[in-house]
Amino acid sequence: MDFDVVTAFPAMFEGPLSHSIVRRARARGLIQVRVHDLRNFSADPHHKIDDAPYGGGGGMVLAPAPIFAAVEAIRERHPEESSRTILFCPQGARYDQVQARRLAGYRRVILICGRYEGVDERVRLHLADEEISIGDYVLTGGEIPAMVLVDSLARLVPGALGDEEAARNDSFSADGLEHPHYTRPADFRGWKVPEILLSGNHQAIAAWRRARALEATARKRPDLLKAPRALSGPEARQDH
Ligand SMILES: C[S@@+](CC[C@H](N)C(=O)[O-])C[C@H]1O[C@@H](n2cnc3c(N)ncnc32)[C@H](O)[C@@H]1O
């Protein structure tokens with residue numbers, strides 16, 4: 001799976017995507033992450049990418065031309081591939097594991113990181129396939145949401161994790177949250193690991209884990225037990 005990130009702050013990506021599972025997935029060619037500096041797509045001699053909002057008000061807005069130029073250049077390089085262009089926006093559909101599984105089906109994902117007051121509306125209307133929010137709060141830019149997306153999708157690429165079975169049991173991957181984990185020592189400050197986990201009885205351990213997972217879901221996220229979560233995303237959007 002390939003990711004093209006369009007951003008005004010490419011240096012932000014150097015650290016977060018260079019460690020652990022994501023680093024290994026990149027090194028093994030399972031995923032590719034290309035970060036495109038939005039300023040390189042500006043026709044302005046000073047590489048300006050933003051402007052004041054029509055109608056007045058504070059802050060600056062990312063101009064449409066450099067964003068269109070960046071995304072169109074990426075699409076032209078890979079005309080044969082199924083790709084999805086995502087605009088990060090606090091008003092977008094809320095990102096979750098259902099969305100992650102859906103997006104993992106694309107060969108290429110193009111990620112547009114907004115900044116300042118936001119992005120010219122024509123990007124949303126005529127360039128992006130969908131808008132995604134990572135939660136009901138406002139960040140300074142779409143770079144951290146892009147990292148969230150790359151990290152969560154990298155885990156879903158076959159072969160990226162050492163233990164595929166572990167991913168199948170992850171929270172939100174089945175019907176709810178995952179069971180608790182313990183490691184050595186068996187007794188830490190008097191707090192003991194549940195006996196059953198030391199028993200070697202795999203059937204009993206699996207049953208214990210299922211019960212604990214259900215109990216954790218009922219206590220922490222009862223909403224996950226109430227109804228199967230519907231696919232929210234481009235299929236649910238009416239405005240394109
Ligand atoms: C300061 S925000 C703009 C907020 C905008 N004025 C509003 O009230 O909706 C700048 C950029 O950060 C990104 N961003 C901020 N919060 C986000 C969130 N919760 N999810 C996804 N992207 C977000 C978006 O790309 C957005 O264009």
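The values are calculated or read from the model by the stated rules, or taken from the named source; none is laboratory data. These numbers were taken from a predicted model, which means no experiment stands behind them. As a convention, Cβ positions derive from the backbone with ideal geometry for all residues, glycine included, and neighbour counts pool all protein chains shown.
Annotations
- Only residues that are under 19 Å from MET1 (Cα atoms) and surrounded by 16 or more Cβ atoms within 10 Å (Cβ to Cβ) were counted across the stretch 49-74, and they come to 2.
- Long-range neighbours under 6 Å by Cβ, at least six apart or interchain, first residue in the same structural domain as ALA52 (by TED's automatic domain parsing) and surrounded by fewer than 17 Cβ atoms within 10 Å (Cβ to Cβ) within the stretch 121-135, second at pLDDT 95 or above and of a type in the set (S, T, N, Q): ASP129/THR85
- Some residue of the stretch 75-92 being within 16 Å of the ligand (Cβ to nearest atom), of a type outside the set (A, V, I, L, M, F, W, C), under 30 Å from ASP170 (Cα atoms) and surrounded by fewer than 12 Cβ atoms within 10 Å (Cβ to Cβ): yes
- Scanning the stretch 17-57 for residues that are farther than 16 Å from ALA160 by Cβ, assigned to a loop (DSSP other than H, G, I, E, B) and under 16 Å from the mean Cα position of the chain (by Cα) turns up nothing.
- Complete set of residues in the stretch 22-36 that are closer than 22 Å to PHE88 by Cβ and surrounded by fewer than 16 Cβ atoms within 10 Å (Cβ to Cβ): GLN32, ARG34
- Taking every residue in the stretch 106-118 that is free of Cβ contacts under 8 Å to residues at least 60 places away in the same chain and pairing it with any residue that is within 14 Å of the ligand (Cβ to nearest atom) and of a type outside the set (A, V, I, L, M), at least 6 positions away or on another chain, the pairs with Cβ-Cβ distances below 6 Å are GLY114/PHE88; GLY114/GLY142.
- Residue match in the stretch 126-134 (condition: near the ligand (Cβ under 10 Å from one of its atoms) and either modelled with pLDDT under 95 or of a type in the set (A, V, I, L, M, F, W, C) (or both)): yes
- Applying the criterion of being out of contact with any Cys (no Cβ under 9 Å at 6 or more places or on another chain) and either assigned to a loop (DSSP other than H, G, I, E, B) or not small (Gly, Ala, Ser) (or both) to the residues of the stretch 1-11, the residue that is nearest to LEU149 (Cα to Cα) is PHE3.
- Residue match in the stretch 12-21 (condition: touching a residue at least 12 places away in the same chain (Cβ under 8 Å) and on the phi > 0 side of the Ramachandran plot): no
- Flag if ARG102 is within 30 Å of SER171 (Cβ to Cβ), at pLDDT 95 or above, more than 16 Å from the ligand (Cβ to nearest atom) and within 24 Å of the chain's Cα centre (by Cα): yes
- Tally of residues being aromatic (Phe, Trp, Tyr) and more than 10 Å from the ligand (Cβ to nearest atom) across the stretch 107-125: 0
- Within the stretch 58-149, strands (runs of 3 or more DSSP E) holding 3 or more residues that are over 25 Å from HIS47 (Cα atoms): 83-94, 130-133
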